[in-house]
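As structure tokens, the structure follows; a few thoughts come after it.
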Amino acid sequence: MPTRSRAATLLRLVHQQPGITRADAARTLGMGTGLIAELTARLTGQHLLSESPTAPSGARGRPTTALTAHPDGPLALAVVIAHEGWRVTAVELGGRTLGETAGSNHRSARSTLRAIAAAITANQEAFPDRIRAIAVSVPGTVGGTRVLQAPGLEWHGVELNQLCAGASCALPLLAGNDASFAALAEARRGAAATARTSLYLFIEAGLGGAVVDAGGVVGGANGLAGEFGHLPFGDRSRRCVCGAFGCWNTSLDAHSLARLRGEPDPKHAHEVTYVRGVLAAASAGVVPAIDAVEQVSAELGRGVAGLVNALDPEVVILGGFARDLLELGSRPLHDAYVAGLMSFRRGDPPSLIPARFDELAPGIGAAEQCFDLLLDDDQLSAWVMR
Ligand SMILES: [Zn+2]
């Protein structure tokens, strides 16, 4: 018995490869062209797919049609809460965004969430009956729909279900860590799209990441895996914001760069701006900045080697400031990486690849998580019966 209907399988393929021709879909799925034509006609009638004619390709090519999202089809709502602001984006099948609302963070979690709830309601009014799931990305540790700890936002124990208001309360509300969503985005549509197992690392205020295996994030027992910045790869005498001593973050963050440059410790609210400034100075050729960036790059490479030894990914994707370190401190990063690998790995180590999406990645991943849920037989039946 197939676990997923042919209709859901075809929709997943179109979501992955929007614009795929009916002929290619038939080949990819090993279905007859007659069956694909029949499924397409049904899904078009259900406002799930659209088809448009394409030019014939090659001498013996026959006209075929390209499959895309229906203009009145189901939408995912991706909510991204970042350190400096938030945005809410409606996303259709295939990943195209239809509208975005953005705002700055308020002083309290409650007022920020109230502003986001208003944006969700506005989207529901703009796309009546089309939004079918909401996913919220948070720069912190999330259990279920609760933000357990988001030090950059100073949010602790904040329940995200207060985002629902009126009709949106009936929708599935998913929540997750920004780096986990970004890892999913890179694995599905970005730099890790061809890898079965990838390790994604992202640095902003601290380092986070995720392992993606066979298309899904490895979440751990409680979905809390991926706090790689809190591995004890740092200086044991330094205390991390998480409360532990010797976290890897303490060798990679703004305070570490400031120590290396002999500058005063940047204030909490200015850490990200400080790192940006040092990276810009290094990029412009300022020698003390280059030295600091190269030392931090080596600390990153050393830790990546440990993770590769432990986790065996096919590729390592570096996002956020890690991508800048890969560019500006490439030599020390690679040298430390190779030196830290077990010798059998050194001949053909997993490549270190810059992330493709960066600040858009958490939203793309959040929408992917929604469509994983929506392109399922029960959810599709609910769409048809609505
Ligand atoms: Zn820590």
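Computed from the coordinates by the stated procedures, all read-outs in this text should not be read as laboratory data. Since the structure is predicted, the reported quantities are computational estimates derived from the model, not experimental observations. We place every Cβ from the backbone using ideal geometry, glycine too, and count neighbours over all the protein chains shown.
So here's what we get for this one:
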quantity: The chain: relative contact order in percent, alpha carbon pairs under 8 Å with at least 6 residues between; calculated: 15
quantity: For the stretch 370-386, Karplus couplings with θ = phi - 60° (6.51, -1.76, 1.60), whole Hz, Gly/Pro x; calculated: 5, 5, 4, 6, 6, 8, 9, 4, 5, 5, 5, 5, 5, 5, 5, 7, 4
quantity: Packing-based exposure ordering (other Cβ within 10 Å, fewest first) of Val315, Val158; calculated: Val315, Val158
quantity: Residue-span extension gain [Ala280 to Arg331] - 0.36 nm each, minus C-alpha spacing; calculated: 16.6 nm
quantity: The stretch 193-355: radius of gyration over Cα atoms, expressed as a fraction of 2.2 N^0.38 Å; calculated: 1.01
quantity: Distant-in-sequence amide H partners of Leu49 (H built 1.01 Å from N, under 5 Å); calculated: Thr44, His70
quantity: Global size of the chain as Cα Rg and Dmax, reported in angstrom; calculated: 22.7, 71
quantity: Reciprocal mean inverse distance between Cα atoms of the stretch 6-69 - Kirkwood radius, Å; calculated: 11.6
quantity: Gaussian network model of the chain, springs between alpha carbon atoms under 10 Å - residue of Gly229, Gly340, Gly140 with greatest fluctuation; calculated: Gly340
quantity: Interchain or long-range residues, amide H under 5 Å from Phe357's placed H; calculated: Ala191
quantity: Trypsin sites (Lys or Arg not before Pro) lying in DSSP loop within the stretch 242-338, provided at most 12 other Cβ fall within 10 Å; calculated: Lys267
quantity: Sequence of Ser198, Ser104, Ser330, Ser50 once ranked by neighbouring C-beta atoms within 10 Å, starting from the fewest; calculated: Ser104, Ser330, Ser50, Ser198
quantity: Electrostatic dipole magnitude of the stretch 137-223 [Cβ: Lys, Arg +1; Asp, Glu -1; Cα centre; debye, to 20]; calculated: 260
quantity: Computed FRET value (nearest 0.05) for Ala382 with Glu100, which takes r as the C-beta separation and R₀ as 25 Å; calculated: 0.40
quantity: Per-residue Cβ neighbour rank within 10 angstrom, fewest leading, Glu92, Glu84; calculated: Glu84, Glu92
quantity: Backbone HN-Hα couplings from phi across the stretch 286-298 [Karplus 6.51/-1.76/1.60, Hz, Gly and Pro as x]; calculated: 6, 4, x, 5, 4, 4, 5, 5, 5, 5, 5, 4, 5
